[in-house]
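What follows is one structure encoded as structure tokens, with my remarks underneath.
Where a number appears in this text, it was derived from the coordinates with a stated rule and is not lab data. Worth saying up front: this structure is predicted, and the values here are computed from it rather than measured. Cβ coordinates were reconstructed from backbone atoms using ideal geometry, including for glycine residues, and neighbour counts include every protein chain displayed.
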Amino acid sequence: MSSLLSDGDLAHEAEVVWLENVGDLDYVRQALDKTTRRRNKPRYARDGRMVGYTELDDSAPADPDSGLYRRRVFFLLPHDRDNDPDGLYQEGAPGEAIDPRTIRPRRAGQKTWRSQRGPAPMTAPAAPTG
């Protein structure tokens, strides 16, 4: 799934667990993954790295067909801005990118200027003084 999650998709989240300091990250990608457990670090099978995940409360239901739980995972890929600041996402961001500062349990997170950052605003040269 993408950043287009609704808070209703996340109703059973109890906690967000960060695996690294996200204070310097402009964005993280988020996805809902199916896992075998409500808690603990889920398996990660993407390129790049997992930077966080959510843990679910005791009332979170498993899918009746698969027995798996849907949990959010936060991650970055090798070509994301933190690893490649002059690359593909020097301007803009992937569709599932959200600002990690806006992530809370049961809240989908938001896109902000920092996470979606476009080209730096052009400034006019200062007028001469004197």
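Worth pointing out:
- Within the option set E20, E15, being under 17 Å from I98 (Cβ atoms), in contact (Cβ under 8 Å) with a residue 24 or more places away in the chain and of a type in the set (D, E) holds for one residue only, E20.
- Exactly one residue among A93, A45, A60 is part of a loop (DSSP other than H, G, I, E, B) and in contact with a helix residue (DSSP H, G or I) (Cβ under 7 Å, 6 or more places away or on another chain), and that residue is A93.
- Matching option when the condition is among the charged types (D, E, K, R) and under 18 Å from Q116 (Cβ atoms), among D33, D7, D65, D82: D82
- Each residue in the range 3-32 was checked for being over 13 Å from the mean Cα position of the chain (by Cα) and in a strand (DSSP E or B), and 3 pass.
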